[in-house]
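Report on one structure; see the data block that follows.
The values are calculated or read from the model by the stated rules, or taken from the named source; none is laboratory data. All figures in this text were calculated on a predicted structure; none of them were measured in a lab. Positions of Cβ are backbone-derived with ideal geometry, glycine not excepted, and every protein chain shown enters the neighbour counts. The area values use the complete protein model at the heavy-atom level, side chains included, leaving out ligands, DNA and RNA. Shrake-Rupley method; radii C 1.70, N 1.55, O 1.52, S 1.80 Å.
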Amino acid sequence: MRITAVTCVKNEGPFLLEWIAFNRLIGVTDFLFYSNDCTDGTAELLDALAARDMLTHLPNPAQGRNYQMEALKDAAHQPLVQEADWIWVADVDEFLNIHVGDHSIPALIEACKDPMAISITFQFFANDGIEGFVDAPVISQFTRSHNPDIWCAETAIEVKTLVRQDFPLKYYGAHRPFFKKNLPPRRYPRWSDGAGRDVPHKFLVADNPRRIRKFPAKGSRAFATLNHYALRSLDSYLVKNDRGDVNREHRAFDDSYWRERNDPAFEDLSVQRYLPALTTALEALKSDPEIAALHATCVARHLEKRDALLAQPNYQDMRAQLLATSTLPPQEEALLKDLGLEDLGLAPSATE
């Protein structure tokens, strides 16, 4: 089975080897990377890996700011995507945590009874007070998240989607594929959630803007969860804030973005089932002296960028503000205020 992962990156160098190694462990056979305006060694590391036939690295074709959508439009015409059995569109801070069989994508597909698409629900992992960047697997460092069934008072949570090659595609979106509006119902694809159940009809046909890329999370993760490490360490978050993201150039992530994703109420160690094999795979990658040196350069530049940012008063203020920020999501804090309980010092309780 050929499974192609498609992703867009900008200054993600320290995290590339882990993400590639992890996805190879779960069954990804091919990688299509798009990069733009990298200054931390990301492009050089990707080129070296491409020279070893481990991935394909292309410049992002976007002419404006819509980097991800332009890349996905291009990806649909690339042989790595056209010749794949399945396509997985995801970001480098997202890890597909599979709970069935041998914990691989083929096992997930089998559990879901081979639909044309599988949409897996996000679980946002908190910073949990980790300040310093450490060159170690992200999945080993960050273990706490919101209640997986509720995020910021929302019971519907965003997804990312595995897509089978014969899906009646109009275009790939970052969160899900789309088919033509005039497709007759008899030709609708069979599309499951991460528990093998049919996705809700409104999500399937994308007829409700609030349900285009999310649906109720409860019960949807029996076979797989998408662990999203959007914050990582405080050091890395500051660098991310400076970088912007792949969708909108120079977009700053404000306090609300941090607070909405920094809820440590729930401990989840399940993804660490992959750690022994991941550690071995990373050691194998770094046994190549050039790959190890390029990775080390990315790490050094990541830390240099952090130091340069913290020399600026506005980043010093931002760091102090984030350290002092409540770990209660804004919506939960507002509810406590409405109930007159804001002074009781209530905080989320851990669920093991």
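Against the definition (closer than 30 Å to GLU333 by Cβ, touching a residue at least 60 places away in the same chain (Cβ under 8 Å) and either in a helix (DSSP H, G or I) or open to solvent by 40 Å² or more (accessible area, probe 1.4 Å) (or both)), how does ARG259 come out, yes or no? Against the criterion (closer than 30 Å to GLU333 by Cβ, touching a residue at least 60 places away in the same chain (Cβ under 8 Å) and either in a helix (DSSP H, G or I) or open to solvent by 40 Å² or more (accessible area, probe 1.4 Å) (or both)), ARG259 qualifies.
Number of residues in the stretch 324-342 that are at pLDDT 80 or above and either small (Gly, Ala, Ser) or open to solvent by 90 Å² or more (accessible area, probe 1.4 Å) (or both) equals 2. Counting only residues that are open to solvent by 30 Å² or more (accessible area, probe 1.4 Å) and either among the aromatic types (Phe, Trp, Tyr) or in contact with a helix residue (DSSP H, G or I) (Cβ under 6 Å, 6 or more places away or on another chain) (or both), how many does the stretch 32-55 have? Residues in the stretch 32-55 being open to solvent by 30 Å² or more (accessible area, probe 1.4 Å) and either among the aromatic types (Phe, Trp, Tyr) or in contact with a helix residue (DSSP H, G or I) (Cβ under 6 Å, 6 or more places away or on another chain) (or both): 1 in total. Scanning the stretch 155-173 for residues that are over 16 Å from the mean Cα position of the chain (by Cα), under 18 Å from GLY194 (Cα atoms) and not aromatic (Phe, Trp, Tyr) yields THR155, ALA156, VAL163, ARG164. Per this entry, ASN127 is not counted among residues that are assigned to a loop (DSSP other than H, G, I, E, B) and without any contact (Cβ under 8 Å) to a residue 12 or more places away in the chain.
Being within 28 Å of GLU44 (Cβ to Cβ) and not in a helix (DSSP H, G or I) is the filter here, so list the residues in the stretch 264-295 that pass it. Don't jump to the end; show me each part of the working.
Taking the stretch 264-295 and keeping what is within 28 Å of GLU44 (Cβ to Cβ), we get 274-275, 277-295.
Residues satisfying the conditions are SER287, ASP288.
Pick from the stretch 56-94 the residues that are in a loop (DSSP other than H, G, I, E, B) and among the small types (Gly, Ala, Ser): which of them is surrounded by the fewest Cβ atoms within 10 Å (Cβ to Cβ)? Here the answer is GLY64.
Of all residues in the stretch 134-146, none that is under 16 Å from PRO264 (Cβ atoms) and acidic (Asp, Glu) has its Cβ atom under 7 Å from the Cβ atom of a residue that is part of a loop (DSSP other than H, G, I, E, B) and open to solvent by 40 Å² or more (accessible area, probe 1.4 Å), 6 or more apart or on another chain.
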